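Trainee: Here you go, one structure.
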Amino acid sequence: MKRRTLLQTGAAALTLATFGGTAALAESHGPVTAGFIFVGPIGDGGWTYEHNQGRVHAEEHFGDKLKTIYQESVPEGADAERAITQMALSGADIIFTTSFGYMDQTLAVASKFPDVKFEHATGFKKAENVGVYSARFYEGRAIQGTIAGRMTKSNKVGYIASYPIPEVIRGINSAYIHAKKVNPDVEFKIIWAYTWFDPAKEADAAKALIEQGCDVILQHTDSTAPQAAAQEAGDVITFGQASDMAEFGPMPRVSSIIDNWGPYYIERIQAVMDGTWESDDTWDGIGAGMVGIGDISSAVPEDVKAEALAMKDQIAAGDYHPFTGPLKKADGSDWLAEGETADDGTLLGMNFYVEGIDAEIPQ
């Protein structure tokens with residue numbers, strides 16, 4: 001059974017595909033139409049690629065009982081509101097808006113189309129016809145941090161961050177905590193790219209971090225450009241982001257976080273078909289299969305691989321929480337006592353670094 005947690009805080013033409021499953025709504029009204037708004041191109045190799053794989057997975061599951069429509073590379077802001085509106089007008093029964101920056105636009109359009117169901121990825125604002133969903137990416141970051149801390153030779157780990165929102169800050173903190181646990185000398189250098197997908201900016205960020213002596217690069221951006229930059233530099237390891245990026249293995253890519261959206265999309269589309277859909281909050285992780293860990297490559301020593309996989313198993317079983325005290329905030333104030341774990345409300349609104357990260361969060 002999936003873990004469900006209440007989240008407490010806080011233009012190109014439409015492309016049409018028709019495909020199948022069973023359901024009351026589909027039987028009485030024809031195929032259900034599910035729409036997807038994507039922030040990047042479906043070939044980005046990362047975030048949007050995996051959301052589109054989820055869409056395709058739903059098509060394959062439901063067959064001719066489902067039509068899907070999608071629009072890719074939709075900027076956050078006014079363009080998003082226009083695209084979502086167009087999709088609702090086109091007859092979509094449910095629309096998945098798959099970027100944090102679509103949050104207010106999703107709510108605005110939903111208020112005008114009360115009979116359409118909306119699902120917003122990584123947000124926290126709900127309405128009667130708007131649900132929210134995300135994944136506990138920070139669980140995967142803990143595993144990446146462990147590998148990074150063990151494998152760095154320079155003790156400098158670079159992190160390409162997208163935007164200073166809680167999701168990204170959580171990932172930085174989780175990776176740092178676990179790198180520091182296995183390597184007290186490690187330090188993180190963070191570059192804010194202010195983009196989800198811009199291969200040129202991402203490559204420049206990776207190169208800048210490598211020039212600063214980082215021999216491990218983590219990213220919370222969507223393209224494979226940092227992988228290519230590390231491959232060109234040599235002797236730098238990376239991790240796939242959102243998708244496996246296995247084409248860069250066994251080096252520089254040594255593992256990955258893989259987002260698995262297909263089962264969730266099937267579940268929510270089925271609820272629309274059955275007439276049982278309700279606004280909900282979903283935040284699942286490794287245990288529920290929403291977050292996957294890509295194969296750990298042969299470049300990783302066997303003992304480090306075993307350590308990382310043991311942590312994965314502990315997280316999946318609910319026996320270990322990546323944010324377990326004692327932990328302090330970067331300003332030196334106490335946060336979590338020995339054995340205490342972070343509550344979801346704090347994690348969902350995280351706006352601080354943990355002790356040891358010598359950097360400022362942009363405001």
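The values are calculated or read from the model by the stated rules, or taken from the named source; none is laboratory data. If you're wondering where the values come from, they're calculated on a predicted model, not measured in any experiment. All Cβ positions, glycine included, derive from the backbone under ideal geometry; neighbour counts span all protein chains shown.
Trainee: Looking at region 278-363, what strands (runs of 3 or more DSSP E) fall wholly within it and have at least 3 residues that are out of contact with any helix residue (DSSP H, G or I) (no Cβ under 6 Å at 6 or more places or on another chain) and either of a type outside the set (Lys, Arg) or at positive phi (or both)?
Mentor: Filter on region 278-363 gives 281-284, 334-336.
Trainee: Considering each residue of region 237-259, count those that are of a type in the set (Val, Ile, Thr) and touching a Phe, Trp or Tyr at 6+ places or on another chain (Cβ under 8 Å), and give that number.
Mentor: 3
A quick yes/no check of all residues on (1) more than 21 Å from residue 273 (Cβ to Cβ); (2) modelled with pLDDT of 95 or more:
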| site | (1), (2) |
| --- | --- |
| 82 | yes, yes |
| 92 | no, yes |
| 97 | no, yes |
| 106 | yes, yes |
| 110 | no, yes |
| 116 | no, yes |
| 120 | no, yes |
| 123 | yes, no |
| 130 | no, yes |
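Trainee: Given the options 206, 229, name the one that is over 27 Å from residue 350 (Cβ atoms), small (Gly, Ala, Ser) and surrounded by 22 or more Cβ atoms within 10 Å (Cβ to Cβ).
Mentor: Of the residues listed, the single one that is over 27 Å from residue 350 (Cβ atoms), small (Gly, Ala, Ser) and surrounded by 22 or more Cβ atoms within 10 Å (Cβ to Cβ) is 229.
Trainee: Let me ask something else. Quick one: which of 312, 329 is under 19 Å from the mean Cα position of the chain (by Cα) and at pLDDT 95 or above?
Mentor: 312
Trainee: Given the criteria under 26 Å from residue 351 (Cβ atoms), not in a loop (DSSP other than H, G, I, E, B) and not polar (S, T, N, Q), does residue 140 qualify?
Mentor: Taking the combined requirement at face value, the residue satisfies it.
Trainee: Quick check, is residue 213 closer than 30 Å to residue 77 by Cα and either within 20 Å of the chain's Cα centre (by Cα) or in a loop (DSSP other than H, G, I, E, B) (or both)?
Mentor: no
Trainee: Being assigned to a strand (DSSP E or B) and either in contact with a Cys (Cβ under 8 Å, 6 or more places away or on another chain) or of a type in the set (S, T, N, Q) (or both) is the filter here, so list the residues in region 175-210 that pass it.
Mentor: Passing the criteria: only 189.
Trainee: If you don't mind, there's one more thing I want to ask. Can you say whether residue 267 is of a type outside the set (A, V, I, L, M, F, W, C), assigned to a loop (DSSP other than H, G, I, E, B) and not assigned by TED's automatic domain parsing to the domain that holds residue 225, as far as the supplied structure shows?
Mentor: no
Trainee: Only one of 142, 80 is under 22 Å from residue 50 (Cα atoms), crowded, with 22+ Cβ neighbours inside 10 Å and not assigned by TED's automatic domain parsing to the domain that holds residue 33; which?
Mentor: Answer to the check: 142.
Trainee: Out of curiosity, is residue 319 in the same structural domain as residue 170 (by TED's automatic domain parsing), modelled with pLDDT of 95 or more, within 24 Å of the chain's Cα centre (by Cα) and surrounded by fewer than 17 Cβ atoms within 10 Å (Cβ to Cβ)?
Mentor: yes
Trainee: Applying the selection to region 13-40, what residues are part of a loop (DSSP other than H, G, I, E, B), at pLDDT below 95 and touching a helix residue (DSSP H, G or I) at 6+ places or on another chain (Cβ under 9 Å)?
Mentor: Within region 13-40, 14, 21, 22, 23 qualify.
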